[in-house]
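What follows is a short report on a single structure.
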Amino acid sequence: MGKVLLDEYLGESLKAAGYAGMDLVTTPIGTKITVRALRPGLVIGRRGSRIREVSRMIEEEFNYRNPSVSVEEVEIPEFEPRIMVSQVTRALARGYKYRRVGFWVLRSIMESGAAGAEIIISGKLRTVRSRYEKFSAGILLKSGDLVERFVRKAKASVVLKQGKVGVKVSVAPASPEYEAATGKRSTVLAESDLGEAETEGPKER
């Protein structure tokens, strides 16, 4: 439970840095924590001020003894569901149509080399009644022990004018092990259940 709470704290406090997750190892002399982020400089801060503050909070609020915090830059952001969820929620908050956002993020994930991906956007999307739309491509395991090993997941929500909208993203990065487990290979964007994907996504402002 402590690790889950710490992960939630880091996800919120390091959101601007593109927090993607962490690895935690407890040793006899302390706790080693590796933070994965899109923008490591924002985790470190000026002259290390931010990372020292994070280390202090981890020790005082979460009772991890003598924490040693390091930062690892995310190599492929599209393989990190937390970063992709953040892209979706930001685009929705800016007023972009949910279908355009869903197709755009799905395409960016698959073109980066993922074996499979799925995006689910749910809530009051068009009318007063809640509904959901799913965007999927490639090969994505849904159940079994292999899901824990190969499929990465994240979820978040955003409040729009029409109400609260939830977003879930699942990504299976391509690897020989995953291909062997599924018995298939996917290198091309598959047809979504909603038709052809748009090739151009929302522009950053």
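The values are calculated or read from the model by the stated rules, or taken from the named source; none is laboratory data. The model shown is predicted, which means the values in this text are computed figures rather than measured ones. All Cβ positions, glycine included, derive from the backbone under ideal geometry; neighbour counts span all protein chains shown.
Pairs please, first residue from the range 27-42 and over 19 Å from residue 56 (Cβ atoms), second anywhere and in a helix (DSSP H, G or I) and β-branched (Val, Ile, Thr), Cβ atoms under 9 Å, 6+ apart in sequence or on different chains.
What qualifies is 38/83.
Based on what the data block shows, is residue 27 surrounded by fewer than 16 Cβ atoms within 10 Å (Cβ to Cβ) and β-branched (Val, Ile, Thr)?
So residue 27 passes the test.
Going by what's in this entry, would residue 158 be described as at pLDDT 90 or above, surrounded by 15 or more Cβ atoms within 10 Å (Cβ to Cβ) and not in a strand (DSSP E or B)?
It is false that residue 158 is at pLDDT 90 or above, surrounded by 15 or more Cβ atoms within 10 Å (Cβ to Cβ) and not in a strand (DSSP E or B).
Every residue, every condition in (1) over 20 Å from residue 114 (Cβ atoms); (2) modelled with pLDDT of 95 or more; (3) part of a helix (DSSP H, G or I); (4) of a type in the set (Phe, Trp, Tyr), yes or no:
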{"residue": "4", "(1), (2), (3), (4)": "yes, no, yes, no"}
{"residue": "25", "(1), (2), (3), (4)": "yes, no, no, no"}
{"residue": "33", "(1), (2), (3), (4)": "yes, yes, no, no"}
{"residue": "59", "(1), (2), (3), (4)": "yes, no, yes, no"}
{"residue": "78", "(1), (2), (3), (4)": "no, yes, yes, no"}
{"residue": "88", "(1), (2), (3), (4)": "no, yes, yes, no"}
{"residue": "96", "(1), (2), (3), (4)": "yes, no, no, yes"}
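State which residue pairs qualify: first residue within 20 Å of residue 7 (Cα to Cα) and inside the range 138-157, second residue among the polar types (S, T, N, Q) and surrounded by 13 or more Cβ atoms within 10 Å (Cβ to Cβ) in any location, beta carbons under 6 Å apart, and separation of 6 or more residues or different chains.
Partner pairs satisfying both residue conditions: 151/170; 153/170; 156/89.
Here are 122, 170: which of them is touching a residue at least 60 places away in the same chain (Cβ under 8 Å), surrounded by 15 or more Cβ atoms within 10 Å (Cβ to Cβ), outside the structural domain of residue 7 (by TED's automatic domain parsing) and in a strand (DSSP E or B)?
Details: 122 fails: touching a residue at least 60 places away in the same chain (Cβ under 8 Å).
So the residue among 122, 170 that is touching a residue at least 60 places away in the same chain (Cβ under 8 Å), surrounded by 15 or more Cβ atoms within 10 Å (Cβ to Cβ), outside the structural domain of residue 7 (by TED's automatic domain parsing) and in a strand (DSSP E or B) is 170.
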